[in-house]
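Novice: One structure, as structure tokens, below. Some questions next.
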Amino acid sequence: MTRFRSFLCLTLLGGLTVVLPIALLAMIFLWLFDLVAGLISPLTGLLREQATISEFLALLVVLLLILGSCFAVGLLIRTRLGNWMHGHMEIWLTRLAPGYRTIRAIVTQLLGGRGETTLLSGQTALAKIYGADSPVTVTAIVTSRHGDGAYTVFVPTAPIPTSGMTYHLPADCVQILAHVSVEEAMRTIIACGSGSAEMLVRNAREASEKVRDYEE
């Protein structure tokens, strides 16, 4: 009887681990769809009045027009004139709305950023946040290097890697994991540390192989 209960519980949990992420993803998608549909409803209503098309088709056309406009703006700011206009517009918006720069930084991080403005462009590291003599290390992302050799690192919190703490540490408190991508490190954060052992073993193996190849 105990084995049967254990079998039922494990089977149910296994099914939930498959179904729940799919259900949550569907709920988030529907919520975003309803939110976007509500925001652009004036445009879709105007389009339906001018052309005899369904509401879904009007929504699709408006979304394509918005995406096309974003693409056109992206092309414009790649030009010298567009970049100049964008710079002056940001100065004006910063003066008019002090929170604009913060919102822009958040959006840049969420969308992947440009150049060194994104977390994804950093390096994965093990950081000793309690000092070089402490055996405690945490998974961190190097976000800045200082002239004296020190580092600024971001330490994500599990299981939500977009939140965390920023530390300024000396060089001897930071061990760069050159063979571990930020995406791979983030996956271990989301999994509350699961997969960290494999990640660290693989980094050590690839580092030793690189040293061996260099010596040969």
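Novice: So which residues in region 163-195 are over 13 Å from Lys128 (Cβ atoms) and among the charged types (D, E, K, R), if there are any at all?
Specialist: Selection gives Glu183, Glu184, Arg187.
Novice: Check whether at least one residue in region 58-70 is β-branched (Val, Ile, Thr), under 30 Å from Ile141 (Cα atoms) and either touching a strand residue (DSSP E or B) at 6+ places or on another chain (Cβ under 8 Å) or in a helix (DSSP H, G or I) (or both), and report yes or no. Lay out the reasoning, then the answer.
Specialist: Let us first name the residues in region 58-70 that are β-branched (Val, Ile, Thr), namely 61-62, 66.
Adding the requirement that they be under 30 Å from Ile141 (Cα atoms) leaves none.
No, there is no match, as no residue in region 58-70 is β-branched (Val, Ile, Thr), under 30 Å from Ile141 (Cα atoms) and either touching a strand residue (DSSP E or B) at 6+ places or on another chain (Cβ under 8 Å) or in a helix (DSSP H, G or I) (or both).
Novice: Something else about it: Looking at region 172-179, is at least one residue touching a residue at least 24 places away in the same chain (Cβ under 8 Å) and acidic (Asp, Glu)?
Specialist: First pass over region 172-179, keeping only residues touching a residue at least 24 places away in the same chain (Cβ under 8 Å): 172-179.
Cutting the leftovers down to acidic (Asp, Glu) gives us 172.
Yes, region 172-179 contains at least one residue that is touching a residue at least 24 places away in the same chain (Cβ under 8 Å) and acidic (Asp, Glu).
Novice: Taking into account only those residues within region 94-130 that are basic (Lys, Arg) and loosely packed, with under 11 Cβ neighbours inside 10 Å, which is modelled with the lowest pLDDT? Full working, then the answer.
Specialist: First pass over region 94-130, keeping only residues basic (Lys, Arg): 95, 101, 104, 114, 128.
Subsequent filtering for residues that are loosely packed, with under 11 Cβ neighbours inside 10 Å retains 95, 114.
Details: Arg95: 80, Arg114: 53.
Filtering first and then ranking leaves Arg114.
The values are calculated or read from the model by the stated rules, or taken from the named source; none is laboratory data. Keep in mind that what you see is a predicted model, and the values were worked out from it rather than measured. Here Cβ is always computed from backbone atoms with ideal geometry, including for glycine, and neighbour counts include all displayed protein chains.
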